[in-house]
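Here the structure is laid out as structure tokens; the discussion comes afterwards.
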Amino acid sequence: MQLHLLNEQKSYANEHSSVNQIVNEINNRLEDTDYFFSHLVIDNIEVYENAEIYMQDHIESIKNIEVRVKTKQQFFDETLLMEHEYISNIFPPLNQIIEEFYAGPNEATWSKFQMLVDGLQWIAQSNNTIDHAADNKMETAALLSQQQLLNEIFVELMGEVESQDPLAIADILQGEVAVKLEEMQEDISKLMDIRGINHDFS
């Protein structure tokens, strides 16, 4: 099978051991470049998630693997836009969770809370990605400062979860998490304005 990466082509045997070799080759080749990995196109099928598992499952029949990349700036702008949309959409369910914790959480409330936790972790990962892709670290300094404060709030929140104190959880969600997300959204909007990214979807 043929690996196509950054205008270069390399052959690999159709063996399971080749998957790790391909992954390492992609990581090593992109490490010192201005490109970020986007996804793979394997025999004309676009694979965005679990690419290693996909390759292992189809290893005997794969002929061509094309590595699709994005420039740092493309990756920066797209991640910024996705995060802006995500935070915009997080407030309605967050407010519902807060109300349910004040009223007394049930099993469904805890499921929603876990989804919120996953969302907060995704935001943190996105901010790390944005900072890593930034050419000018001053641009992202305010956003990263907000993320650090949110990390501290998250630790406090998890402490109350361990204590199973629903009122304290609601207080932190309402008085700290929601406020910090609003401030973070403002910083993201300012950054998008600086970069000329449209974020008015009305």
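Just so you know, all these numbers are worked out from the coordinates, no wet-lab data involved. These numbers were taken from a predicted model, which means no experiment stands behind them. We place every Cβ from the backbone using ideal geometry, glycine too, and count neighbours over all the protein chains shown.
By the count of neighbouring beta-carbon atoms within 10 Å, fewest first, 172, 26 end up ordered 26, 172. Of the chymotrypsin sites (Phe, Trp or Tyr not before Pro) found in region 21-81, the ones in coil according to DSSP and having at most 13 other Cβ atoms within 10 Å of their Cβ are 48. Over all pairs of different C-alpha atoms in region 41-110, the reciprocal of the mean inverse distance, the Kirkwood hydrodynamic radius, equals 16.2 Å. Counting only Cβ charges, +1 for Lys and Arg and -1 for Asp and Glu, the dipole size of the chain around its Cα centre is about 580 debye. Evaluated at q = 0.17, 0.20 Å⁻¹, a Debye calculation over the C-alpha positions of region 110-181 (equal weights, vacuum) places log10 I(q)/I(0) at -0.65, -0.84. Around the Cα centre of region 2-62, unit charges on the Cβ atoms of Lys, Arg, Asp and Glu (plus for the first two, minus for the last two) sum to a dipole of about 120 debye. The value obtained for region 2-62, namely the Cα convex hull volume divided by the number of residues, is 83 Å³ per residue. When the Cα positions of 16, 38, 121 are compared along the charge dipole of region 1-129, 38 comes out farthest toward the positive end, with charges on each C-beta of Lys, Arg, Asp and Glu. Of the chymotrypsin sites (Phe, Trp or Tyr not before Pro) found in region 111-202, those in coil by DSSP whose Cβ has at most 14 other Cβ atoms within 10 Å are 201. Over all distinct Cα-Cα pairs of region 98-142, the Kirkwood formula returns a hydrodynamic radius of 12.6 Å. Net length available on complete extension from residue 85 to residue 15 is 21.1 nm, with 0.36 nm assigned per residue and the Cα-Cα distance removed. Note on the chain: Cα-Cα pairs beyond 28 Å make up 46% of the total pair count.
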